[in-house]
Amino acid sequence: IEPNSINTRSRKREIVLVRQVAMFLAKKYLDMSTAKIGHYVGGRDHATVVHACKTITNLAETDKQFHSELNEIDLSLQSA
């Protein structure tokens, strides 16, 4: 997807998932509050960021393919 689509109000499943992963990784790697992360991701509130983090954590625990893909992204961020 286009990077700008993360900031849209779209509720398409593929965009929502990418947006949630972005919020999850921002929370993990950046020293920012959930409110500030939400502001940068299309003006969402802190509760949306908390929900995204919980959703991604649960999905990674239940879906092996997703867990593997998330780990690949995570490793590439750590090596950068």
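The values are calculated or read from the model by the stated rules, or taken from the named source; none is laboratory data. Since this is a predicted model, take the numbers as computed values, not measurements. Positions of Cβ are backbone-derived with ideal geometry, glycine not excepted, and every protein chain shown enters the neighbour counts.
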Can you work out which of the residues in the stretch 50-76 that are under 22 Å from Met32 (Cα atoms) and small (Gly, Ala, Ser) is surrounded by the fewest Cβ atoms within 10 Å (Cβ to Cβ)? Ser76
Flag for Ser76 being among the small types (Gly, Ala, Ser) and either in contact (Cβ under 8 Å) with a residue 40 or more places away in the chain or part of a helix (DSSP H, G or I) (or both): yes
Scanning the stretch 36-64 for residues that are more than 16 Å from Ile6 (Cα to Cα) and of a type in the set (A, V, I, L, M, F, W, C) gives Ala47, Val50, Leu59, Ala60
When you scan the stretch 6-27, do you find a residue that is part of a helix (DSSP H, G or I), surrounded by 14 or more Cβ atoms within 10 Å (Cβ to Cβ) and modelled with pLDDT under 95, even just one? yes
Test result for Glu2, exposed (fewer than 14 other Cβ atoms within 10 Å of the Cβ), among the charged types (D, E, K, R) and more than 20 Å from Ser76 (Cα to Cα): no
